[in-house]
Amino acid sequence: MSSENRIEIRGLNSFYNSRQVLFDISFSIPASRVTVIMGVSGCGKTTLFRHLTGLKSTGPGQIAVDGKDLGSFSETALSDYRRRIGVLFQSGALFNSLTLSENIAMPLHVHTDLAEETIRIMTLMKLNMVGLAEFGDYTPSQISGGMKKRAGLARALIMDPEMLFVDEPSSGLDPITAAGLDRLILNLRESRGMTIVVVTHELESAFKIADSIVVMDAGSVLAAGTPEEIRNSAGARVHQFLNREADPYRMHMEAYYERLLGDQWRSQ
């Protein structure tokens, strides 16, 4: 693996039971950079995200992290890997019965033996980082969607991870709140040199934060490169996505669904 790359994906195929949903996915995630994975809904972004975060098992030789084969990790090695990464899920995934402070502190209670006062200080620092220092005693039901995303980000960062994975950070947010999250992501790259992977279909956000972009469609990679390389891509489907054009290629998606569902799709 190149020393410049933190993660390398080589020929990744993924299945749900007998149905293949990812087809020969290959690209690299550079260290200390923001990599954006984007594409239309249903293109396979979330499944890829699950592989990268260790939530879905990966076959040997398909994903390497720091030169080590993720698919060959023991349960102990996989648990260690998960402690090295932070994950911000699309919904924030906060526990409604806990306050924001309790939500953010939970990984420290589960994975460390730190004193309560140390945990309290670390939690307050992360709340302050995302602009929620005054809302630690609030529950998720008492705050807005954007605040939930920021609280989820604070929890993802509480263990000071080496890598951060973010799923649809701008989904459901107003433009100003979404821009604030973009700024937070860029600050993490600039101040901490963090390796960050963002899954999104929001074009403006993607081109604002990305050092490299991967465009997916129908379970495959259409293009991968710098934002400028993606803008200049010769691929018709890439241009269609970037230009937000209506989709005349419905038959292409039908072919993809038929490939996934087989006889079940043909009988509908």
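No value in this document is a laboratory result; all are computed from the given coordinates. Given the structure is predicted, the values throughout are model-derived calculations rather than measurements. Because the Cβ atoms are built from the backbone with ideal geometry, glycine has one as well, and the counts that use them run over all protein chains shown.
What the table below lists for this structure:
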| item | result |
| --- | --- |
| From phi via Karplus (6.51, -1.76, 1.60), per-residue ³J(HN,Hα) for the stretch 67-76 in Hz, x at Gly/Pro | x, 9, 6, 4, x, 9, 5, 6, 4, 5 |
| Distant-in-sequence amide H partners of Phe165 (H built 1.01 Å from N, under 5 Å) | Gly86, Val87, Leu88, Val197 |
| Among Val87, Val214, Val130: highest mean-square fluctuation, GNM of the chain, C-alpha pairs under 10 Å | Val130 |
| Whole-Hz couplings from phi, Karplus 6.51/-1.76/1.60, listed for the stretch 82-92; x for Gly and Pro | 5, 6, 8, 10, x, 10, 10, 7, 4, 8, x |
| Spin-label model distance (nm) - Arg19 vs Val40, 7 Å beyond Cα toward Cβ | 1.8 |
| Inter-centroid distance (Cα atoms) of the stretch 174-239 relative to the stretch 73-133, Å | 26 |
| Given charges at Cβ of Lys, Arg, Asp, Glu: the stretch 5-236 dipole, positive-most of Ala206, Ile104, Met125 | Ala206 |
| Average Cα contact separation per residue, the chain, under 8 Å, 6 or more apart, as relative contact order % | 25 |
| Rounded to the nearest 20 debye, dipole of the chain from Cβ charges on Lys, Arg, Asp, Glu | 220 |
| Sequence of Lys126, Lys68, Lys45, Lys56 once ranked by neighbouring C-beta atoms within 10 Å, starting from the fewest | Lys68, Lys56, Lys45, Lys126 |
| Separation of the Gln142 and Asn243 label points, Cα + 7 Å toward Cβ, nm | 5.1 |
| Sites Glu4 and Ser220, calculated FRET efficiency, Cβ-Cβ separation with R0 25 Å, nearest 0.05 | 0.50 |
| Separation of the Glu134 and Ser79 label points, Cα + 7 Å toward Cβ, nm | 4.2 |
| Net length gained if the chain between Glu116 and Ala179 were fully extended (0.36 nm per residue, minus Cα distance) | 19.3 nm |
| Under 19 Å between alpha carbons - lysine pairs in the chain that sit 8 or more apart or on different chains | 5 |
| Peptides ranked, highest mean first, by Cβ atoms within 10 Å: ranges 184-195, 108-119, 140-151 | 140-151, 184-195, 108-119 |
